[in-house]
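Worksheet: the structure to be examined is printed underneath.
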Amino acid sequence: MNKLVEKRTVDMQIIGDWVEPGSRVLDLGCGRGVLLDYLQQTKQVRGLGVDLDFHKILGCVRRGVTAYQGDMEAFMRAFPDRFFDRVICSRTVQELADPAAVILEALRAGRAVTVGFVNHGYWKNRVDAFFHGRKPRNPVYTTEWFESRPANPVSIADFERFCAAKGITITRRALLRGDWHTPCGFRPNLFAGYALYDLTR
Amino acid sequence: MNDAEEDIPIVPPEPGEVGLVEPHDFVHAQPFTFESGQVLPGFTLRYETYGRLNAARDNTVVICHALSGDHHCAGIHALTDAKPGWWNNFIGPGKAIDTNQFFVLCANVLGGCQGSSGPSSTDPRTGRPFGLAFPFVTIRDMVHAQKLLCDHLGLASLAAVIGGSMGGMLVLQWGIEYPAFVRRLIPLATTARESAQAIAFNEVGRQAIMQDPEWNHGDYPKGGGPRVGLAVARMMAHITYLSDESMDQKFGRRRTKRLTPATSGLPPAGANAPAAYTFDVQFEVESYLRHQGESFINRFDANSYLYITRALDHFDLTAAHGSLEQAFAAVEAGTLSVAFTSDWLFPSAQNREIVLALLRAGKRASYAELATNLGHDSFLLESEDLYTLVRSFLGSPRSP
């Protein structure tokens with residue numbers, strides 16, 4: 001668990017570096033509001049989270065993070081173009097039924113979109129599938145097949161192809177090795193464990 | 001996704017009771033102009049308070065009651081009381097609204113009949129009840145009167161205003177009318193705009209009252225009036241506060257133990273038929289609704305029912321301000337809105353719309369939804385989740 005907490009911190013720091021101080025930030029799948037709390041403390045952002053689960057919203061309210069319980073796509077549709085300075089979709093894309101629709105809607109309602117995900121192409125995941133013939137399990141995907149929700153894993157190659165196909169501009173990327181710390185410059189789809197992208201239309 | 005670890009568990013303090021309380025009367029002896037332009041030479045609001053006002057006079061939580069509620073929301077008036085105030089589960093030492101921390105204020109609305117000025121009050125000009133001579137009351141008038149009470153009590157600002165149903169409308173109006181005076185708004189199970197369906201139910205209730213010959217155009221003595229009409233109005237309205245599922249769980253098709261005549265003072269309906277084949281009360285749900293109707297006529301005034309349901313019908317922040325975003329443009333408070341999945345009188349979509357408009361207007365507003373099967377009355381339910389949510393919002397670290 002501690003390893004995971006450390007990894008989360010790295011992720012938060014990078015997003016924190018990208019976020020403009022005092023900007024209006026929407027976090028899709030905000031969980032208990034840890035990221036927004038961090039951004040509010042360090043960057044004085046005007047944060048807003050969306051999540052489906054009541055107890056996640058409760059966690060946000062306890063932290064003083066503003067949050068909305070409901071469907072993220074329907075939520076974004078209620079806002080005019082470029083209402084948010086930044087929409088964050090961190091470690092949520094693989095859970096979405098229609099990721100393209102969400103990202104495109106985020107690019108409409110936000111000036112910039114930050115997407116972060118665990119790279120499914122990472123070599124250890126390939127080892128699990130190739131040699132053990134089983135669903136990848138690692139510090140991020142910790143659960144067995146029979147205790148997992150349906151997920152739609154994404155690799156760096158998948159994501160970049162998606163951006164190219166939809167004409168989405170990648171303004172920044174942070175590709176990190178398996179330790180989620182060291183930048184990964186060589187064959188990231190194989191050697192990067194985590195990827196963060198900053199997108200605009 | 002961002003935080004798999006559990007939050008530190010919340011250990012609420014052992015809840016205590018407010019205990020013995022007594023109502024007070026605030027008499028405003030100056031002319032009060034209603035939104036309609038009508039003027040009363042003065043008015044009275046009956047209210048209760050629990051807890052202590054702090055030195056800064058800024059720890060007050062105002063409770064706004066629903067259509068048939070009153071100022072007695074917690075504690076008991078006498079040790080022999082069968083029931084405590086209507087929100088006793090929510091308010092008290094260590095409870096969701098902690099009276100160790102907050103000074104709680106609840107007033108019977110203007111136009112009501114539990115001690116505040118309303119159509120059943122005595123008109124000083126005639127020495128008889130006002131009846132329909134009482135000015136038309138709006139949600140805004142109710143809030144204006146409550147603000148005068150707050151000023152009378154010397155309150156510097158309000159920590160929060162909270163209420164469900166009609167109470168939620170007052171909460172929203174508070175945030176709009178007195179933005180600098182209120183720090184937090186908690187509207188529950190409410191709407192910014194009374195829907196056609198809700199108006200329709202109100203109208204059926206009013207017709208039941210006004211078609212009762214005892215109503216007599218609102219002119220009836222104290223203790224008299226359209227008792228049958230008011231009971232029918234209450235029976236009908238009560239159905240809208242429940243849900244199909246909760247009624248089925250509570251009553252199902254269970255039969256009453258003994259048959260009660262369908263109409264009092266008359267021979268049993270269908271007297272010649274065998275007992276099971278009459279229109280006497282047979283089902284528990286019928287018996288329950290009758291009990292609701294009968295207990296209501298002993299505590300509520302029919303004209304007040306007309307006035308307050310009309311105030312609900314007229315509540316439409318969108319029409320009053322051009323748009324809901326404009327309505328909320330002045331709001332400074334942080335808002336927490338809570339809806340209940342089984343509420344079909346003020347469905348969650350109407351509560352969501354409040355929060356979305358606040359957010360579009362650039363305000364801080366959170367929205368949470370509780371999965372319940374109790375219908376509109378869910379906001380009164382005993383729910384640790386609701387308690388924790390409200391307690392957390394009232395104590396949230398960042399001033400909204």
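Computed values, structure above
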quantity: Only one of B:Thr44, B:Thr33 that is among the hydroxyl-bearing types (Ser, Thr, Tyr) and without any contact (Cβ under 8 Å) to a residue 24 or more places away in the chain; calculated: B:Thr33
quantity: Hey, B:Ala368 at pLDDT 95 or above and more than 9 Å from chain A (Cβ to nearest Cβ) or not; calculated: no
quantity: Single condition A:Arg149 does not satisfy, out of (1) surrounded by 14 or more Cβ atoms within 10 Å (Cβ to Cβ); (2) within 14 Å of another protein chain (Cβ to nearest Cβ); (3) in contact (Cβ under 8 Å) with a residue 40 or more places away in the chain; calculated: (1)
quantity: Top-ranked residue of the range A:75-97 - restricted to ones that are within 19 Å of B:Val355 (Cα to Cα) and outside any loop (DSSP other than H, G, I, E, B), ranked as farthest from the other protein chains (Cβ to nearest Cβ); calculated: A:Val87
quantity: Selection count, the range A:49-67, where residues are among the aliphatic types (A, V, I, L, M) and facing chain B (nearest Cβ under 7 Å); calculated: 4
quantity: Criterion violated by B:Gly92 - all others in (1) within 29 Å of B:Val137 (Cα to Cα); (2) crowded, with 24+ Cβ neighbours inside 10 Å satisfied; calculated: (1)
quantity: Breaking point among (1) charged (D, E, K, R); (2) surrounded by 24 or more Cβ atoms within 10 Å (Cβ to Cβ); (3) in contact with an Asp or Glu (Cβ under 6 Å, 6 or more places away or on another chain), for A:Arg108; calculated: (2)
quantity: Breaking point among (1) touching a strand residue (DSSP E or B) at 6+ places or on another chain (Cβ under 7 Å); (2) farther than 16 Å from B:Thr388 by Cβ; (3) not in a helix (DSSP H, G or I), for A:Val65; calculated: (2)
quantity: Where A:Phe117 falls short, out of the listed (1) aromatic (Phe, Trp, Tyr); (2) within 28 Å of A:Ala74 (Cβ to Cβ); (3) more than 17 Å from the chain's Cα centre (by Cα); calculated: (3)
quantity: Pairs where the first residue, in the range A:23-35, is at positive phi and the second is assigned to a loop (DSSP other than H, G, I, E, B) and surrounded by 24 or more Cβ atoms within 10 Å (Cβ to Cβ), C-beta under 9 Å, 6+ apart; calculated: A:Gly29/B:Asn2; A:Gly31/B:Asn2; A:Gly33/A:Val65; A:Gly33/A:Thr66; A:Gly33/B:Asn2
quantity: Residues of the range B:75-93 classified as touching a Ser or Thr at 6+ places or on another chain (Cβ under 8 Å) and among the aliphatic types (A, V, I, L, M), total; calculated: 1
quantity: Pairs where the first residue, in the range B:375-393, is within 14 Å of another protein chain (Cβ to nearest Cβ) and the second is surrounded by fewer than 18 Cβ atoms within 10 Å (Cβ to Cβ) and in a helix (DSSP H, G or I), C-beta under 8 Å, 6+ apart; calculated: B:Asp385/A:Phe54; B:Asp385/A:His55
quantity: Where B:Thr49 falls short, out of the listed (1) assigned to a strand (DSSP E or B); (2) under 16 Å from the mean Cα position of the chain (by Cα); calculated: (2)
quantity: Hits in the range A:136-179 - residues which are among the charged types (D, E, K, R) and out of contact with any strand residue (DSSP E or B) (no Cβ under 6 Å at 6 or more places or on another chain); calculated: A:Arg137, A:Glu144, A:Glu147, A:Arg149, A:Asp158, A:Glu160, A:Arg161, A:Lys166, A:Arg177, A:Asp179
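So that you can scan it fast, the table gives a plain yes or no per residue for (1) without any contact (Cβ under 8 Å) to a residue 40 or more places away in the chain; (2) surrounded by fewer than 22 Cβ atoms within 10 Å (Cβ to Cβ):
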position: B:Tyr288; (1), (2): yes, yes
position: B:Gln292; (1), (2): no, yes
position: B:Phe296; (1), (2): no, yes
position: B:His314; (1), (2): no, yes
position: B:Ala320; (1), (2): yes, yes
position: B:Ser323; (1), (2): yes, yes
position: B:Phe328; (1), (2): no, no
position: B:Gly334; (1), (2): no, no
position: B:Phe340; (1), (2): no, no
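The values are calculated or read from the model by the stated rules, or taken from the named source; none is laboratory data. These figures come from a predicted structure and were not determined experimentally. Note: ideal-geometry Cβ built from the backbone for every residue, glycine included; neighbour counts use all protein chains shown.
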